[in-house]
Structures are given as structure tokens and as C-alpha cells.
Amino acid sequence: MTSFYILTKKEYVQMFREFKLIWLPLVFMFLGATQPVVTYYLPSILAALGGNQGITIDPAMTQQDGAQVMAATLGSQFDQLGIMVIVIAMMGIIQSDKANGMLDFILTRPVTVGSYIGGKIFSNFLFVALSVTFGYFVSFVYAHFLFSHMPFLDMIFAIIFYLLWVLFIIAFTTMVSTIFNGQGVIALISIVSLLVLKILSGLHPIMDLLNPAGMSQQAMLVLITGSVDSYLYGNMLITFIWIALMVMVSHYWISGKKYHKD
Amino acid sequence: MLIITNLKKEYSGKQILNGVELHIKKGEILGFVGSNGAGKTTTLNSITGIIEHDEGTITINGASKLELLHYKKQFFFIPDTINVFKNISGYDWIRFVMKLYDSDQTERMKRFISQFEMEEAMPKAMGTYSYGMLHKLMLIVGFTINPPIMIMDEPLNGLDPNSVLTFKKLVKSYVEEGGTVFFSTHLLDIAEKICTTVAILKDGKIILHEKIENVVGEHTLESLFMEKQNVEY
């Protein structure tokens, strides 16, 4: 049995004991349901509550279709609250092992730094990816019944592109968690950096090419238009390069024992 | 078995290890003693790879740190401060560590659990364990894995008298099975009874490495240690 597999399994045991295996998918299912439900019932909600303050829905407003609602789930719910939830769930990924001495304990066993980091990123990505996908499919079900049907293949491509952005989020948070020691600092740096990347995406095609958050834009584009733009493959490749760089920085930091204070 | 040559380590401009030389033979039970700040833990941390030393070489069973996984399989290290995942049971923890060493000796594990009287505690979360229980847990894992050498930093800390007796018996049977033990301690009277050799570290250098029978007779280990520290006893 390889140490990568053993460490991955250990991560899941810990997630189970910390109830993370339950709450994270539930949060994403809730986020997934929120966008279509709120969008659909907004006129009724405003009619019931907003009328007194003069807030009404323009009757001439174009009705959104299912694909647009799904795109809004990714862009509004997952890319804002979702990012914060993922970072908060992952901020201790390496930091907690450093703080309680587990990192030293594990690395004095027959384990390589590569399998330690690999096990962490793989197990957490797989789990977060499943949680996001659950939430996405909940959103799909509501969007399908409350709005309109959307091409299944577009939906699959969109979630694949989006999960590459999620992988970047995990790799980035892992790197920050490796370098910094306070959970508050890790959360702040990660959330602010990732939200800035998200805000910058869509401003300019060349910037999107270099920006991993461009993968989220690509996912929304597939949903809304059914096609991808010419920068997709370049964007994917560069996102993979960013992820590799993050992993290399984490590896360098741990193998060089730079987390030890002299 | 364990060969340390000219080991040097500096921290913030202070030379902690100043050319440590140590050659531990197979079957030896070496007590590693020294005052606070003499460099015992730094030596152990250098051997186990927790820190990188500045100069010198370390080999265990012929394996150097360059052969990382092979090197790490040669020893089992028990640190002074035992860190565990607080919400995982003792059983889950032992199985996790055993798997890292490709060890699957359940019967052997059960025997040591019984010898350290840890049966009731094992299914409980390790967050409920006392300091001494965590030490026992680590000793159970180490003896179950049965590596070529056990390296321990103050293994007797927190152990009750029964467990100290069990520790002594297990160390002896482990060495009879072909193991080697290298541990630091401040408990000189116990070290005198368990160890076959003793090494005294002072100011980052080994100032004595001898068989216990050669140094204890007229002296006790305690009086010898005080003499080497230039302290009147």
C-alpha cells in the first residue's frame, strides 16, 4: 500500500470525524438550490414584501432560461460564498499539521513530501469537487423544473471547466496554508486573492488567458452559449501550470523545513 | 548500525552541535544524556530529518538520508512531545502508522496493547489520552513495527511505574530479537539499569561513550554525569 493512498485514506477518516463529509456537500447543495429558487420566486417575494416600498419587477423583463440560471449559480453563489466556504474548510490543510506537530511526525515516517502534499490535495480536491458537483446538480434539477431544460453535454463540460478552477483554489489555499501560520491570515490572503482573480476575469481576453478564474468564465460561457471561446485550451494549460507551481512552492517550503522557526 | 560523523548545527548564530561523533552498534541500548541545551534533541532531530544539519554525515544500517524512504524505514522515532489527531481512536492511529511502515502484525500489536494495559483506551479518541498514555501508544506502535533501531526522546516521561517495568522488559526482548535502542533521558538511575552503553553530550560534543559496566562500579551514572559536568556531587 503506498503512502499516498494511506495518507489519502487518513484524510477521509479525519473529514468523517470532523463531520466535514456531511456539512460541506450540504452547504453546496443549499447554494445550488438558492439561485434558481430565489430567481423563480423573486417576483412573488417582492409582491409580498417589496410592494410597500415601491419595489416591483419590470413586467417587460426577459425571463431567464435554465442555462442562465445555472451560469448564475456558478458565478454568483459558488464563486462568492462558495469560495469562502472552500477556503474556510481548507485553510488548516497544512497549517494544522504544522501547528500540532503532525507534519514533523509524518515526515519522520517512510513518507515523501510529494506523497504528503499529493495526498492532501488529491483527497481534498476529490471531496470538494464532489460537493460542488452535488450542488451543481441540485441547481440543475431546480433550473430544469422551474425554468427550462438545457443541453446535458454543455452542463457536463461546464462543470469540468469549473472544477479546474476549484483545483486551483485548493492548490492555492494549500500553498498559503503551507507558508503562513495563522488561520485568520491564511483565510484572509486566500479569500481576497481568489476574489480579486474572480473580479479580474472577463475584463480582457489576454488577462483571462493567464487568470485561472477564467475557467469559471469558460464554464458560464458554455452554459449560456453552448460554445467555448478560442482561449479555452490556453487558459486550461496555464491554469495547470499555475497549479503545478503552487504544488512546487508547497513542496519546496516543506522539504526545505522552512516552516520551522529557528 | 547508526554512525554519526562530525555533526554540526547552528541556530541563530549559536553552535548547538559542535562535531558530534557517535557509532552505535547493533544490539546496543544507548542512553543519551546531557544537560538541558546540550543538543540532545537537536541531535535526534537531525538523525530523524526533522531538521537539516549544517555539516556531517549520518547513516543508519548503511543507508544515508539521500536514500530517503529506505533511510526512514530503518528507524522508528518517538518524540518527547507526542502529537496525534485528537479525534481519531488509538486503534485507527496505530493502524495508520503501521501501514506507513508496511507492517501488518495485528497479533503482535494486541500483545503490546495488553502489556501496557491499554485495551480500554484504544477505541477512544486520542484527545482523551493523558501524556503517559500517548507515550505508551507510541511505544506500542514502535515495538509492533519492530524497526532495526528505535530512537526515542525521553521515552520514560509520563510513564507510571508499571509501564516503566514493561518498557524495560520490552526493550530487552526487542534487543534480543536483533533491535537497537537509542534514547535520550534525564532519568539516570533508570538509564543505568536499562542501558548497555551511555553517551554524554556536553556543549554539542560527545565527551563520553562507554559501556555501562566500564563506567559504573565505584560511581553511579549520576555521579559520573555530575563529574563530567564539573559539578560537585
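The values are calculated or read from the model by the stated rules, or taken from the named source; none is laboratory data. These figures come from a predicted structure and were not determined experimentally. We place every Cβ from the backbone using ideal geometry, glycine too, and count neighbours over all the protein chains shown.
Would you check which residues across the stretch B:25-52 are over 21 Å from residue B:181 (Cβ atoms) and more than 11 Å from chain A (Cβ to nearest Cβ) and list them? The answer is B:35, B:36, B:37.
Residues satisfying the criterion are absent from the stretch B:153-175 (criterion: in contact with a helix residue (DSSP H, G or I) (Cβ under 6 Å, 6 or more places away or on another chain), under 18 Å from residue A:109 (Cβ atoms) and in a loop (DSSP other than H, G, I, E, B)). Taking the criterion of being within 12 Å of another protein chain (Cβ to nearest Cβ) and touching a Ser or Thr at 6+ places or on another chain (Cβ under 7 Å), the residues of the stretch B:81-118 that qualify are B:98, B:100, B:103. Of all residues in the stretch A:193-210, those satisfying the criterion of being over 17 Å from residue A:234 (Cβ atoms) and either over 14 Å from the mean Cα position of the chain (by Cα) or not in a helix (DSSP H, G or I) (or both) are A:196, A:199. Restricting the search to the stretch A:222-239, which residues are touching a residue at least 60 places away in the same chain (Cβ under 8 Å) and either within 16 Å of residue A:157 (Cα to Cα) or out of contact with any helix residue (DSSP H, G or I) (no Cβ under 8 Å at 6 or more places or on another chain) (or both)? Selection gives A:222, A:223, A:224, A:226, A:228, A:232, A:236. Exactly one residue out of A:216, A:227, A:148 is in contact with an Asp or Glu (Cβ under 6 Å, 6 or more places away or on another chain), surrounded by fewer than 20 Cβ atoms within 10 Å (Cβ to Cβ), hydroxyl-bearing (Ser, Thr, Tyr) and closer than 23 Å to residue A:72 by Cα, and it is A:148.
Name the residue, out of B:144, B:185, B:128, that is polar (S, T, N, Q), in contact (Cβ under 8 Å) with a residue 12 or more places away in the chain and out of contact with any Gly (no Cβ under 7 Å at 6 or more places or on another chain).
Details: B:185 fails: out of contact with any Gly (no Cβ under 7 Å at 6 or more places or on another chain); B:128 fails: in contact (Cβ under 8 Å) with a residue 12 or more places away in the chain.
Just a single option satisfies the conditions, and that option is B:144.
If you go through the stretch B:96-121, how many residues are closer than 18 Å to residue B:76 by Cα and of a type in the set (Asp, Glu)? So the answer is 2.
Here the condition is being surrounded by 17 or more Cβ atoms within 10 Å (Cβ to Cβ) and at pLDDT 95 or above; of A:194, A:245, A:221, it holds for A:194 alone. Annotation note: of A:94, A:88, the sole residue that is more than 30 Å from residue A:221 (Cα to Cα), at pLDDT 90 or above and among the aliphatic types (A, V, I, L, M) is A:94. Listed conditions (1) without any contact (Cβ under 8 Å) to a residue 12 or more places away in the chain; (2) over 25 Å from residue B:195 (Cα atoms) are all met by residue B:81, apart from (2). Residues in the stretch A:94-125 that are within 14 Å of chain B (Cβ to nearest Cβ) and either of a type in the set (A, V, I, L, M, F, W, C) or assigned to a loop (DSSP other than H, G, I, E, B) (or both): 14 in all.
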